[in-house]
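Read-outs throughout are calculated quantities, based only on the coordinates presented, and are distinct from any laboratory measurement. Just so it is clear, the structure is predicted and the values come from calculations on it, not from any experiment. For neighbour counting, all protein chains shown are included, and Cβ atoms are generated from backbone atoms with ideal geometry for every residue, glycine included.
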Amino acid sequence: MKQDWKPGTMIYPLPAVLVSCGSTPEEYNIVTIAWTGTICTNPPMCYISVRPERYSYEILKRNMEFVINLTTKDMARATDWCGVRSGKNYNKFEEMHLTPGKSTVVNAPLIEESPLCIECRVKEIMSLGSHDMFIADVVNVRADDRNLNTETGKLELAEANPLVYVHGGYYELGEKIGKFGWSVEKKR
């Protein structure tokens, strides 16, 4: 039996990502975001949704660039801490011992400890209510060599132990149970 609940945001799990922003080291900041995702494959586009009262909001709006840094189990404490502390009061890179790296295309720093860094340039900002959605073109992706399968050339991101967010909690992924298309593969 099911119960009716008031409308809410209950689509889980979501990636728990660290979004880095700023164009100079004095401005660099990190904000934890779970409201993020893919919008389009061709051209590659994604989004982040940010509350206008967040410290990073004005930095994002001013620079119109950011980096989505995927997180891992090892980055869980930093991911949570960067979401509950304000960059107005703390240098989050220093406090969490994270390394700002040079992005290839955008001015915003990437986080060296992240297994995958997605460089984004904002195309549009949509005011939606509690959050504004920053719709962005993906202009570059930086993958850590540690997660590249040297035999196949494929990115083995699951081996990085990605962190996900489920209704107030952080979790690691479980065991792989299939792959895209496995339900309709012909048996030999």
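Could you check the simple spin-label distance between GLU26 and GLU53, using points 7 Å along Cα→Cβ, in nm with one decimal?
Roughly 2.9 nm, to one decimal.
When a footprinting reagent is the concern and you count Cβ atoms within 10 Å, what order do VAL50, VAL164 take, fewest first?
In increasing order of surrounding Cβ atoms, one gets VAL164, VAL50.
Report the Stokes-Einstein translational diffusion coefficient (µm² s⁻¹, integer) for the chain, Rh taken as the Kirkwood radius over Cα pairs, at 4 °C with viscosity 1.567 mPa s.
Approximately 74 µm²/s, per Stokes-Einstein.
Using a Cα distance threshold of under 26 Å, what count of lysine pairs results for the range 82-188 when pairs must be 8 or more residues apart or interchain?
For the range 82-188, qualifying lysine pairs total 12.
Please compute, over every Cα-Cα pair in the range 114-168, the percentage with a separation greater than 13 angstrom.
72 percent
May I ask you to derive the FRET efficiency for GLU151 and ILE177 from their Cβ-Cβ distance with R0 = 22 Å, giving the value to the nearest 0.05?
My answer for the efficiency is 0.40.
Simple spin-label model, 7 Å along Cα-to-Cβ: LYS61 to THR38 in nm?
Between LYS61 and THR38, the label points sit 3.1 nm apart.
Can you work out D for the range 13-52 in µm² s⁻¹ from Stokes-Einstein, where Rh is the Kirkwood radius over C-alpha pairs, the temperature is 4 °C and the viscosity is 1.567 mPa s?
The calculation lands on 112 µm²/s.
With contacts defined as alpha carbon pairs under 8 Å and 6 or more residues apart, what's the relative contact order of the chain in percent?
Contact order relative to length: 24 percent.
Would you list GLU185, GLU95 from fewest to most Cβ contacts within 10 Å?
Fewest-to-most ranking of GLU185, GLU95: GLU185, GLU95.
Determine, at each q value in 0.14, 0.24 (inverse angstroms), the log₁₀ of I(q)/I(0) that the Debye formula gives when each Cα of the range 61-141 is one equal point scatterer.
So the normalised log intensities are -0.53, -1.25.
For GLU185 and ASN140, FRET efficiency with R0 = 30 Å and r from the beta-carbon atoms, rounded to 0.05?
The formula returns an efficiency of 0.35 here.
Would you mind getting me the FRET efficiency between LYS6 and VAL164? Use the beta-carbon distance for r and R0 = 25 Å, nearest 0.05.
Step by step, r from the Cβ atoms, then E = 0.55.
How large is ³J(HN,Hα) for each residue in the range 31-38, as worked out from phi by the Karplus curve 6.51 cos²θ - 1.76 cosθ + 1.60 (θ = phi - 60°), to whole Hz, x for Gly and Pro?
Result, ordered by residue: 10, 7, 9, 10, 8, 8, x, 7 Hz.
Rounded to whole Å, give me the distance from the Cα center of the range 103-167 to that of the range 1-46.
11 Å
Give the residue list of trypsin sites (Lys or Arg not before Pro) in the range 66-160 that are DSSP loop and have at most 13 other beta-carbon atoms within 10 angstrom.
Of the trypsin sites (Lys or Arg not before Pro), the ones in loops of the range 66-160 whose Cβ has at most 13 other Cβ atoms within 10 Å are LYS88, LYS102, LYS154.
Okay, which of the range 27-45 sit inside 17 Å, backbone N to the point 7 Å along the Cα-Cβ direction of ARG121?
Residues 42-45 fall inside that zone.
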